[in-house]
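The values are calculated or read from the model by the stated rules, or taken from the named source; none is laboratory data. Quantities reported herein were computed from a predicted structural model and do not represent experimental measurements. Note that each Cβ is placed from the backbone with ideal geometry, even for glycine, and that neighbours are counted across all protein chains shown. Each accessible area value is taken on the protein alone, full model and side chains, heavy atoms only, with ligands, DNA and RNA left out. Shrake-Rupley method; radii C 1.70, N 1.55, O 1.52, S 1.80 Å.
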Amino acid sequence: MNGNVMRNFLISIVIPVFNEEDCIAETFRRLNNVRLQLSSEAEVELFFVDDGSKDNSLIILRQMAEINKFIKIISFSRNFGHQIAITAGIDASHGDFVAVIDADLQDPPELITEMFRIALTGVDVVYGKRKSRAGETFFKKTTASVFYRLLNYMCDVEIPTDTGDFRLMSRKVVNAFKQMRERHRFVRGMVPWLGFRSVALEYERDERFAGVTKYPLKKMILFATNAILSFSSKPLTLALRLGAFTIFIGLMGGLYALYLKLFTNIPIPGFTALLLSIILFSGIQIFLIGVVGEYIARIFEEIKARPLYLIAESINI
Ligand code: UDP
Ligand code: MG
């Protein structure tokens, strides 16, 4: 990037797509504008990753890719999930810079130009930070905020609040990211883990252009649990502490009972306390075995070392 060397950069834009037939055409139009806008400085390729869509998404993408060779498509054999779709796009792209953006236009594509300009000043990661979230329910905003707080408490890596997967990364970061092959992926935590010079770019998050969210409550809870369990072993530490605390309470109770027996005439209260404490503490034990089990399940999943995703079709690659 020394002023005397003129160089044309390649920017790859990765777009995960799952049942977005009503968004794709408009998303393409806006991204194509960005491409034209940047044409004097950089070449832009669009990497659509079809995550096993069941609607016409792939058909529309295929038609677009026939005319425009800068559109590349990877189509999965089935739905593998948002985070894996992003990963596949990053894996396949060759850009000097790689941007990731959702297909629903909640994140304005035009910002990629700005991200690129910032990256040119020597920044390796430019991540979008939401100033507001138009059209999202109070419930989603609150749960999201609680989730990020909890996550940051649990994790050793600082994960910036209000960020999603909208970001631009340099080739250096992408190559580092590609070495992380874990199955339970939480990309917005993995990138901060990598380090490198990162800068936030604030923006207003729009409403979805069309269609409905592909993250219903159940998927959201799964995403959140996954993030915590695959990013931190703190739940195990907390379990240990809870265990220690319980033992302490038990010992205190025992000493108190001994005191009553030896030094007073008060009869030691009987069955109710006994029954309640048995129920309570077996509950705690079962719960904690469950926590440990979750980690074992993750070890099991990782050790099988199955491929992260399967590609059924690639176009223009
Ligand atoms: N997506 C995907 N696979 C999935 C779910 C979602 O590739 O299993 C894509 C989806 O098409 C969109 C992006 O991931 O481009 C984010 O999904 P969505 O907008 O539904 O999530 P939200 O913004 O509501 O959290
Ligand atoms: Mg969205």
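For this structure, a couple of remarks:
- In plain terms, the chain from residue 149 to residue 183 could stretch by 9.9 nm, reckoned as 0.36 nm per residue minus the Cα-Cα distance.
- Computed from backbone phi, the HN-Hα couplings of segment 148-162 come to 5, 5, 4, 4, 5, 5, 7, 9, 7, 7, 6, 9, x, 6, 6 Hz, rounded to whole numbers (Karplus: 6.51 cos²θ - 1.76 cosθ + 1.60, θ = phi - 60°; Gly and Pro given as x).
- Prolate/oblate/rounded call for segment 60-218, Cα gyration tensor, a/c under 1.5 rounded: rounded
- Net length gained if the chain between residue 217 and residue 296 were fully extended (0.36 nm per residue, minus Cα distance): 25.9 nm
- Surface per residue (accessible, 1.4 Å probe) for the chain, Å²: 54
- Two-site label geometry, residue 285 and residue 29: point separation in nm, points 7 Å out along Cα→Cβ: 6.5
- Area of residue 282 that stays accessible when all protein chains are in place (1.4 Å probe, Å², to 10): 50
- Ranked by the mean number of other Cβ atoms within 10 Å of their residues, highest first, the peptides 17-26, 284-293, 159-168 fall in the order 17-26, 159-168, 284-293.
- Qualifying lysines (Cα of each under 16 Å from Cα of residue 129; at least 8 residues distant if same chain): 141
- Built amide H within the under 5 Å cut-off of residue 99, gap 5+: 12, 13, 14, 169
- Rounded to the nearest 5, the antiparallel percentage of DSSP beta bridges internal to the chain is 30%.
- For segment 35-52, the Karplus equation 6.51 cos²θ - 1.76 cosθ + 1.60, evaluated at θ = phi - 60°, returns couplings of 4, 5, 4, 8, 4, 7, 9, 8, 8, 10, 10, 10, 9, 8, 10, 7, 8, x Hz by residue, with Gly and Pro reported as x.
- The accessible area of residue 245, taken with all protein chains in place and a 1.4 Å probe, comes to roughly 120 Å².
- Reach of residue 172 by Cα under 15 Å, taken over aspartates and glutamates that are not fewer than 8 positions away in the same chain: 91, 96, 124
- For residue 273 and residue 241, a Förster radius of 22 Å and the Cβ-Cβ distance give a FRET efficiency of 0.35, rounded to the nearest 0.05.
- Its relative contact order, with pairs defined as Cα atoms under 8 Å and 6+ residues apart, puts the chain at 22 percent.
- Taking θ as phi - 60° and the Karplus parameters 6.51, -1.76 and 1.60, the scalar couplings of segment 55-62 work out to 9, 8, 3, 5, 4, 5, 4, 4 Hz in sequence order, x denoting glycine and proline.
- Flagged links, alpha-carbon separation over 18 Å, of 140/219; 140/218; 54/214; 219/304; 140/214; 234/304: 219/304; 234/304
- Cα centroid separation, segment 243-273 to segment 165-239: 48 Å.
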